[in-house]
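Chemist: Supplied in structure tokens, the structure appears directly below.
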Amino acid sequence: MDPHGAAPFWRARGERYYRMGSFYQFVFGCRVWKVSVDAGFGCPNRDGTPGAGGCRFCNPASFSPSRRLAPASIGEQIRQGAQRLAARHGAERFLAYFQPGTNTHGPAERLRAAYEEALACPGIVGLVVGTRPDCVGDEVLDMLAELAGRTWVSIELGIQSSHDRSLEWLGRGHDHRASTDAVARTKRRGLHVGAHVILGLPSETIDDMTATADELSRMGIDSVKLHNLYVARDTRLAEDYAAGQVFLPSREEYVDYVVGFLEHLSVHCTIDRLSADAPPEYLVAPDWCRDKSGVRRAIERELERRDAWQGKSEE
Ligand code: SF4
């Protein structure tokens, strides 16, 4: 089975989109689980490198439990996370997911030490490194490519949208050109590239969202995490929302966006997430995103109803 072959095997299995779990099964020969790691890296969009206000939607504490707890070493975070997953699911193999903050934002020696500490932990079979498109210099990519010679490495980039006006509204501090440049340099080194994308941005129509899917396909993105626009407390977006300046899509509208997006996404791109939420104490709205499996089922029902599938527009 070739996960990147011409005929998508998942279609032959009657599935309508390419699940990340199927890809991991192919790569590792078993199910793998992500253990979130907080290495304490900051964010250039908060420390003044391109900006100081942070992204409009971002409350760093809402992204990961680690930002709400007393700091522990990387090894200890992995040990505790792996123990929880083993008790709950019988998990044995894990990816160390450097999640909160910008995990390539720091001196090379500190980055290497953090990645190596994670890789030395029992059960860890690879790294997933979350970062920004404007924060992947050649030096860190060379280091990650070197690590990829002996383990699995994926870079997750917060691309969010291919439209500069949306990136500006989000206060990202980078444009889409930064994303195309980062993806090209990352792929040139043979690294797996994931993209985070937000659907339901105020100035975007369904055609804008499908244009982002077309663009990610053209760029050769390997996996996508889809996020519905949601409001977390203590953010600029929360202020906009309270002032009635932002309208969030309903669940039905979001399902429509996701189905349209998937139809335009390459059959070779895996889907790592279909929707997102924040912990209950941080989530302001919408209420419907709390039920992630309900959203997933609604998307799958709509794909069935329309007889639609990922990449349909390519055929
Ligand atoms: S979303 Fe990411 S890049 Fe934006 S402010 Fe938060 S941590 Fe920084």
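The values are calculated or read from the model by the stated rules, or taken from the named source; none is laboratory data. The shown structure was predicted, so the numbers you read here are calculated from the model rather than taken from an experiment. FYI the Cβ positions are ideal-geometry reconstructions off the backbone, even for glycines, and counts take in every protein chain you see. For accessibility, only protein heavy atoms count, side chains too; no ligands or nucleic acids. Shrake-Rupley method; radii C 1.70, N 1.55, O 1.52, S 1.80 Å.
Chemist: Please list the non-local residues whose amide H lies under 5 Å from the amide H of Gly42, H modeled 1.01 Å from N, same-chain partners needing a gap of 5 or more.
Modeler: Under 5 Å from the amide H of Gly42 lie the amide H atoms of Thr102, each far enough along the sequence or on another chain.
Chemist: Within segment 9-31, name every residue whose backbone N is under 15 Å away from a label modeled 7 Å from Cα of Arg150 along the Cβ vector.
Modeler: none
Chemist: Pop a pseudo-label 7 angstrom from the Cα along the beta-carbon direction at both Arg11 and Lys292 and give the gap in nm to one decimal.
Modeler: Distance between the two pseudo-spin positions: 2.9 nm.
Chemist: Separate question: If you take the beta carbon distance between Val27 and Glu116 as r and set R0 to 22 Å, what does 1/(1 + (r/R0)^6) give as a FRET efficiency, to the nearest 0.05?
Modeler: With R0 = 22 Å, the Cβ-Cβ based efficiency is 0.55.
Chemist: Sticking with this structure for a sec: Evaluate the distance, in nm, between pseudo-label points positioned 7 Å from the Cα of Ala52 and of Ser203 along their respective Cα→Cβ axes.
Modeler: A separation of 2.5 nm, rounded to one decimal place.
Chemist: Determine the calculated [θ] at 222 nm for the chain from helices alone, applying -39500 (n - 2.57) to every DSSP H run no shorter than 4 residues and normalising by the residue count; nearest 500 deg cm²/dmol.
Modeler: -12000 deg cm²/dmol
Chemist: Karplus couplings for segment 15-30 from phi (6.51 cos²θ - 1.76 cosθ + 1.60, θ = phi - 60°), rounded to Hz, Gly and Pro as x?
Modeler: Karplus values, whole Hz, x for Gly and Pro: 8, 9, 8, 8, 6, 4, x, 5, 5, 4, 4, 5, 6, 9, x, 6.
Chemist: Same structure again: Would you please give the residues with an amide H less than 5 Å from that of Ile159, counting only those at least 5 places away or on a separate chain, with H modeled from the backbone geometry?
Modeler: Sorted by chain and number, the residues that satisfy this are His196.
Chemist: Excluding Val32 itself, what net charge comes from residues whose Cβ is under 10 Å from its Cβ, given Lys and Arg +1 and Asp and Glu -1?
Modeler: Result for the local shell: +2.
Chemist: Moving on to the next point. Any idea of the accessible area per residue across segment 14-98, 1.4 Å probe, to the nearest Å²?
Modeler: 48 Å²
Chemist: Pop out the carbon and sulfur fraction of the accessible area of the chain as a percent, whole number, probe 1.4 Å.
Modeler: Summing carbon and sulfur atoms, their accessible area is 49 percent of the total for the chain.
Chemist: Can you tell me what share of the DSSP beta bridges in segment 16-309 is antiparallel? A percent to the nearest 5 is fine.
Modeler: In segment 16-309, approximately 5 percent of DSSP beta bridges are antiparallel ones.
Chemist: Okay, moving on. If I stretch the segment between Glu139 and Ala72 completely, what's the gain in nm (0.36 nm per residue apart, minus their alpha carbon distance), one decimal?
Modeler: Once the chain is fully extended between Glu139 and Ala72, it gains 21.4 nm.
Chemist: How high is the relative contact order of the chain, in percent, with contacts defined as C-alpha pairs under 8 Å that are six or more residues apart?
Modeler: Computed over the chain, the figure is 18 percent.
Chemist: Ordered by residue, what ³J(HN,Hα) values in Hz, to whole numbers, does segment 161-178 give under the Karplus form 6.51 cos²θ - 1.76 cosθ + 1.60, where θ = phi - 60° and Gly and Pro are x?
Modeler: Once rounded to whole Hz, the list reads 6, 9, 9, 4, 5, 6, 4, 5, 4, 6, x, 5, x, 8, 10, 5, 4, 4.
Chemist: Roughly how many Å² of Met219 are accessible to a 1.4 Å probe, to the nearest 10?
Modeler: Per-residue accessible area (Met219): approximately 20 Å².
Chemist: Determine the shape class of segment 16-309: with a ≥ b ≥ c the square roots of the Cα gyration tensor eigenvalues, call it rounded for a/c under 1.5, and otherwise prolate if a/b is greater than b/c, oblate otherwise.
Modeler: rounded
Chemist: Spelling out what I want: for every residue of segment 49-61, take phi, set θ = phi - 60°, compute 6.51 cos²θ - 1.76 cosθ + 1.60 (Karplus), and round to whole Hz; glycine and proline get x.
Modeler: Couplings: 4, x, x, 10, x, x, 6, 4, 9, 8, 10, x, 5 Hz.
Chemist: Please give the FRET efficiency for Gln245 paired with Asp175, using the beta carbon to beta carbon distance and R0 = 25 Å, rounded to the nearest 0.05.
Modeler: 0.60
Chemist: Follow-up. Using modelled backbone amide H atoms (1.01 Å from N, in-plane), which distant-in-sequence or interchain residues come within less than 5 Å of Val37's amide H?
Modeler: Tyr97, Phe98, Gln99
Chemist: Also: Which sequence of Lys187, Lys225 reflects their accessible areas, 1.4 Å probe, from the largest down?
Modeler: Listed by decreasing accessible area, they come as Lys187, Lys225.
Chemist: With r defined as the distance between the Cβ atoms of Glu92 and Arg185 and R0 fixed at 41 Å, what FRET efficiency is calculated, to the nearest 0.05?
Modeler: 0.75
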